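Undergrad: If you scroll down you'll find the structure; I have some questions about it.
The values are calculated or read from the model by the stated rules, or taken from the named source; none is laboratory data. For clarity, every value in this text was computed on a predicted model and none was experimentally measured. Here the Cβ is made from the backbone with ideal geometry for all residues, glycine too, and neighbour counts use every protein chain on show.
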Amino acid sequence: MSAMPRKTFCRQCNSQVALCEAVRCRSRFCKVKQDWPVTPARYESAELLATVSNSPPLLCQIIFTAAGDDKAMVADLRSNLQGDPLCRLRHAIAWAGKELGFSYHSIGRALNRDHSSVMHSHRVALRLVPLDDAFRLLCEDLARVGESAA
């Protein structure tokens with residue numbers, strides 16, 4: 001006779017889920033949020049992105065600013081595309097996020113990346129800032145947006 005999985009309540013959505021799902025729910029995304037369709041509709045605003053990605057709203061505001069409030073660009077930034085302009089924007093977001101004191105893990109959640117990818121991106125940004133004036137200005141502008149919104 002197999003034991004029924006013990007049910008508990010999710011801390012984020014108050015739905016009754018199995019204990020193993022509740023542990024995952026607490027540490028990562030809510031089960032309800034995982035069921036959201038992957039469409040540009042989840043990128044309507046920085047607040048909605050923060051809710052869906054379980055990341056700080058200020059960081060999502062920086063992402064929207066870097067994308068010029070273009071929902072398709074935000075979707076591209078969080079996708080697996082690797083064009084040079086997208087990578088440079090991700091590097092700038094990682095730099096600005098670390099300047100504002102966010103962890104690699106939270107920046108990674110906002111960008112849909114692993115923390116080690118964000119660490120690499122931050123290292124690349126640190127090398128680019130003294131060499132490229134346009135990139136430095138972009139990074140400083142994004143950090144200024146974060147400071148003014150805080």
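Undergrad: Could you list all residues from the stretch 72-116 that are outside any helix (DSSP H, G or I) and either hydrophobic (A, V, I, L, M, F, W, C) or touching a residue at least 60 places away in the same chain (Cβ under 8 Å) (or both)? Steps first, please.
TA: Going residue by residue through the stretch 72-116, those that are outside any helix (DSSP H, G or I) are 78-83, 100-103, 112-114.
Within the stretch 72-116, 81, 100, 102 meet the criteria.
Undergrad: Right, something else. Is there a residue in the stretch 61-79 that is aromatic (Phe, Trp, Tyr), surrounded by 12 or more Cβ atoms within 10 Å (Cβ to Cβ) and either at pLDDT 90 or above or closer than 19 Å to residue 115 by Cα (or both)?
TA: So the first thing to find is which residues in the stretch 61-79 are aromatic (Phe, Trp, Tyr), and the list is 64.
Right, trim to surrounded by 12 or more Cβ atoms within 10 Å (Cβ to Cβ) and you get 64.
Narrowing the set further to residues that are either at pLDDT 90 or above or closer than 19 Å to residue 115 by Cα (or both) leaves 64.
Looking through the stretch 61-79, at least one residue is aromatic (Phe, Trp, Tyr), surrounded by 12 or more Cβ atoms within 10 Å (Cβ to Cβ) and either at pLDDT 90 or above or closer than 19 Å to residue 115 by Cα (or both).
Undergrad: Collect the residues in the stretch 58-71 that are closer than 14 Å to residue 42 by Cα and without any contact (Cβ under 8 Å) to a residue 40 or more places away in the chain, keeping them in residue-number order.
TA: Scanning the stretch 58-71 gives 64, 69, 70, 71.
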